1. Given a Förster distance of 51 angstrom, what is the FRET efficiency for Leu45 paired with Thr164, based on the Cβ-Cβ distance and rounded to 0.05?
2. Which one of Ala53, Ala104, Ala179 has the biggest mean-square fluctuation once the chain is modelled by GNM with Cα springs under 10 Å?
3. At 0.36 nm per residue, minus the direct Cα-Cα distance, what do Asp22 and Arg195 gain on full extension? Give it in nm, one decimal, please.
4. Search the structure for amide H atoms under 5 Å from the amide H of Leu81, placed 1.01 Å from N in the peptide plane, and list their residues when 5 or more places away or on another chain.
5. Please give the peptides 150-156, 18-24 ranked by average Cβ packing (other Cβ atoms within 10 Å per residue), highest first, as a rough proxy for protection.
6. Evaluate the charge dipole of the chain about its Cα centre and quote only its size in Debye, nearest 20, assuming +1 on the Cβ of each Lys and Arg and -1 on the Cβ of each Asp and Glu.
7. What residues from segment 90-105 fall in the zone where the backbone N is under 17 Å from a label point 7 Å along the Cα-to-C-beta line of His157?
8. Explain nothing, just compute: Karplus ³J(HN,Hα) = 6.51 cos²θ - 1.76 cosθ + 1.60, θ = phi - 60°, for every residue of segment 139-156 in order, whole Hz, x for Gly and Pro.
Amino acid sequence: MFALYSYCRTLDDIADGDAPLDSRRARLAVMRGAVAAFYETGIALAPVMAALAPAIRRFDLPRAELEALIDGMESDVNRPLTAPSMAELRLYCRRVAGSVGLLAVRIFERPEAEDFAVTLGEALQLTNILRDVAEDAELGRLYLPAEALHAAGMVVHSPRAVLTHPALPQACAMVAQWAEEDFQQAEAQLKQLGRTRLLPAMMMMATYRRQLARLVERGWRDPERPPPRLSRLARLWIALRVAAVGG
């Protein structure tokens, strides 16, 4: 899991870094080439691939999911999402979060939990989007889906214009409801699967669900104010509660 995190962190740092656009595109292309080279030759051409290699072999981690994460990062670099359709947003969530979940459940030796991983991944990513509305706007990104903006009566799609629009809280509340529905679906899927070996995912679900509740409680009337974040003590308490009932 540390090796998988390192792979994800490397891609995220490239996509959100300060390097020129062409440099970030090239570095992502190099990472894509390193993934392809490893699966085709067994040779690790990047340190993160060398670290991940034992897990790829042991858990049969699928190449397609490692590449899906690159697809998501490339979309952030090449064409940042601006009021995407809900279908486009779901695809983005599938790439940048669902792919990680699918790789993780294989490492947990619960490959049958793929649907749970994808559902939870979307819930986590939607929570991140709601937390980072202002930060994303500064980067020229607007992940809130067009359906939510239109339902709230917003016809502007400029990230900065949406950020200062009086109907922003209504649009964010709709996305928060979708995220909560994902959490509920993931919880139902978990009951069917059983908790064995899924404790880390359960902790993530509980932590992010609490974060979503905090965001809803505060609202989005002042989106440029730093978002509420859970303290270390709160995260520890959540982890202990989950561990007490987990498998």
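1. 0.65
2. Greatest mean-square fluctuation among the candidates belongs to Ala53.
3. 57.8 nm
4. Sorted by chain and number, the residues that satisfy this are Leu142.
5. The packing order, highest mean first, is 150-156, 18-24.
6. Roughly 760 debye for the chain.
7. Hits in segment 90-105 for His157 at 17 Å: 90-92.
8. 8, x, 10, 9, 8, 4, x, 4, 4, 6, 5, 5, 5, 8, x, 9, 10, 8
Throughout, read-outs are computed from the coordinates displayed, never taken from laboratory work. What you see is a predicted model; the values in this text were computed from it and never measured. Cβ sites come from the backbone with ideal geometry, for glycine too, and all protein chains shown count toward neighbours.
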